[in-house]
Amino acid sequence: MRNINKNYSSLKSLAIMGGTFDPIHYGHLVTAEAVRYKYNIDKVLFMPAGNPPHKEYDKITHSEHRYLMGVLATATNPYFDVSRMEIDRKGVTYTIDTIKSLRQMYGEEIELYFITGADAIKEIFTWKNPEELFKLCTFVAVTRPEYYKEELIEKVKTIRNEYESKIHFLEVPALSISSTDIRNRVKNKMPIKYLVPESVENYIYKFNLYI
Ligand code: NAP
């Protein structure tokens, strides 16, 4: 029953929206749609992180919850899907393994993008095999408007010059919404209405997440 309706063979471009998504919110959804439209991308695949190397796993909400909230949030957009690839992978999950698997599955011709928060991209030289990653996909670093950009712009320049890689930078006003703020709001019994889709809001309360 997995992979129903997920024939990607005709796709020319695929964007991977990487993140912890704890929880997914409207900022993520608006960002994915903005990038899809701007770069004319055929499909956006949300990729909830499994066991990322830089995080204490037991401090993140169970991957099944994060995956299911992703499914609920993206259900009404035909261009969006959610992948179990990283949450089902055993051990520590690295982006390079994900991108390589997707290349193998969908061939050399497909154009791959990796969208994620600028904070994560700033640390990209600490990731596994960054040079190989730059060759395999185009990066889109997204930020909230109040973000301190100078350091990021410098890093993007270095990556572009040294690795001849494609890396874009996009400011998304909706990213004023943050997962950390949503978790704090739930904990403090403040409303999260209009920050997350209603289905995600209901899911959070049903399973007593973030209290
Ligand atoms: P994070 O530390 O949770 O997030 C950093 C910042 O970026 C937060 O402000 C977060 O806001 C924002 N953000 C994260 N994902 C976003 C997205 N898709 N769109 C918009 N904003 C986003 O970062 P992370 O989630 O752990 O890591 C991001 C991605 O990089 C993941 O796919 C992860 O697997 C990958 N990564 C790979 C390696 C490696 O291969 N070695 C190392 C580090 C990260 P919110 O909290 O509101 O989302």
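Can you pull out every residue in the range 36-74 that is over 23 Å from Ser9 (Cβ atoms) and in a loop (DSSP other than H, G, I, E, B)? If the condition is that a residue be over 23 Å from Ser9 (Cβ atoms) and in a loop (DSSP other than H, G, I, E, B), then Ala49, Gly50, Asn51, Pro52, Pro53, His54, Lys55, Glu56, Ile60, Thr61, His62 are the ones that fit.
Restrict the check to the range 128-147 and report whether at least one residue is surrounded by fewer than 13 Cβ atoms within 10 Å (Cβ to Cβ) and of a type in the set (Ser, Thr, Tyr). Checked the range 128-147: no residue is surrounded by fewer than 13 Cβ atoms within 10 Å (Cβ to Cβ) and of a type in the set (Ser, Thr, Tyr).
For the range 14-35, the set of residues classified as open to solvent by less than 10 Å² (accessible area, probe 1.4 Å), more than 7 Å from the ligand (Cβ to nearest atom) and either in a helix (DSSP H, G or I) or closer than 18 Å to Ile99 by Cβ (or both) consists of Leu14, Ala15, Ile16, Ala32, Val35, listed by residue number.
Tyr113 falls short on exactly one of the conditions (1) within 18 Å of Lys166 (Cα to Cα); (2) within 11 Å of the ligand (Cβ to nearest atom); (3) buried (at least 20 other Cβ atoms within 10 Å of the Cβ), and that condition is (2). All of (1) more than 8 Å from the ligand (Cβ to nearest atom); (2) under 18 Å from the mean Cα position of the chain (by Cα) hold for Arg144 with one exception: (1). Restricting to the range 148-169, and then to whatever is open to solvent by 70 Å² or more (accessible area, probe 1.4 Å) and basic (Lys, Arg), can you tell me which residue is farthest from Tyr39 (Cα to Cα)? Per the criteria, the residue is Lys157. Inside the range 42-72, residues that are free of Cβ contacts under 8 Å to residues at least 12 places away in the same chain and under 17 Å from Val92 (Cα atoms) make up a count of 5.
Residue check: Ala120 meets all listed conditions (1) open to solvent by 70 Å² or more (accessible area, probe 1.4 Å); (2) within 14 Å of the ligand (Cβ to nearest atom); (3) not basic (Lys, Arg) but one, namely (1).
On the given criteria, is Thr61 among the β-branched types (Val, Ile, Thr), near the ligand (Cβ under 10 Å from one of its atoms) and open to solvent by less than 30 Å² (accessible area, probe 1.4 Å)? The answer is no for Thr61.
The values are calculated or read from the model by the stated rules, or taken from the named source; none is laboratory data. Only a predicted model underlies this, so the values are computations on that prediction, with no experimental measurement involved. Glycine also receives a Cβ, built like all others from the backbone with ideal geometry; neighbour counts cover every protein chain displayed. For accessibility, only protein heavy atoms count, side chains too; no ligands or nucleic acids. Shrake-Rupley method; radii C 1.70, N 1.55, O 1.52, S 1.80 Å.
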